[in-house]
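Structure, as structure tokens:
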Ligand SMILES: [Cu+2]
């Protein structure tokens, strides 16, 4: 009897254990099956190319001839292969050429205007408005860097004439703190409050992310990503322009052999065979990635220091 009692309590314990296990295990399966069958699938984004928006067409008409300008940009500072002590790099540009009234300047009322796109290494560009004042790149880390510049319009479309684009390589000694995070998008114009050398007038400038140059060859085909970047809100959120600069490469639709491939999120790749901006409509609110790549005639990516394949995350707020 004693033996039987032991056996009984053991089997009761085993049954209790088994019951606990059974009652816990299947639960997640059941709930997930129920959930997937009732949730509406997320809407898919279908982008299409649309004409240049009418408000930009109207703006161009109001600007007179300046969109036919042939601006020439020169980088006065930093000099070619300059070695700079410290983490602040002052950029000075000279703008000449057939300007037809084109001049960078931010309208204080609208916060918009012609400006120059300034690209350190392969980071997103910064806007430079008042060329009479140097533009400071702050917190630049030690090492080799490249700067690329080209003139742009208030809606961020670049001028594409020969001589509009310039690139220079330079080296920073000392440099900024690589562990410091990227500064906020709190505005393009910031007074330098943290040193005794605070200029009397606020200077344009920006803290930059930590990066160094790619092994880029200025004589080889080079795709410079310009737009889109950052956040797009309200009426600016649809359509959105894709724009880039091409050096030493002609696209197939322009009589050359190269193509530009763009990929939005994980959609199928699409191709650009003419060097001109496109406007894409149909964006959904949220974060998206836009990737631009330069391809050779066989459809293979053309490497140039890693700059010819660039992805940016953008945010659409509708
Ligand atoms: Cu711009």
For this session: Among the numbered conditions (1) at pLDDT below 95; (2) more than 16 Å from the ligand (Cβ to nearest atom), tell me where residue 188 comes up short.
Result: (2)
Exercise. Residue check: is residue 56 out of contact with any strand residue (DSSP E or B) (no Cβ under 7 Å at 6 or more places or on another chain) and at pLDDT 95 or above?
Worked result: yes
Seminar exercise, completed: Within the range 81-94, residues surrounded by fewer than 19 Cβ atoms within 10 Å (Cβ to Cβ) and either within 14 Å of the ligand (Cβ to nearest atom) or not in a loop (DSSP other than H, G, I, E, B) (or both) come out as 82, 83, 85, 90, 92, 94
For this session: Enumerate the strands (runs of 3 or more DSSP E) found wholly within the range 253-317, keeping only those where 1 or more residues are in contact (Cβ under 8 Å) with a residue 60 or more places away in the chain and touching a helix residue (DSSP H, G or I) at 6+ places or on another chain (Cβ under 9 Å).
Result: 278-281, 309-317
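The values are calculated or read from the model by the stated rules, or taken from the named source; none is laboratory data. Just so you know, these numbers come straight off a predicted model, no measurement behind them. Don't worry about glycine lacking a Cβ; one is built from the backbone with ideal geometry, like all the others, and counts go over all protein chains shown.
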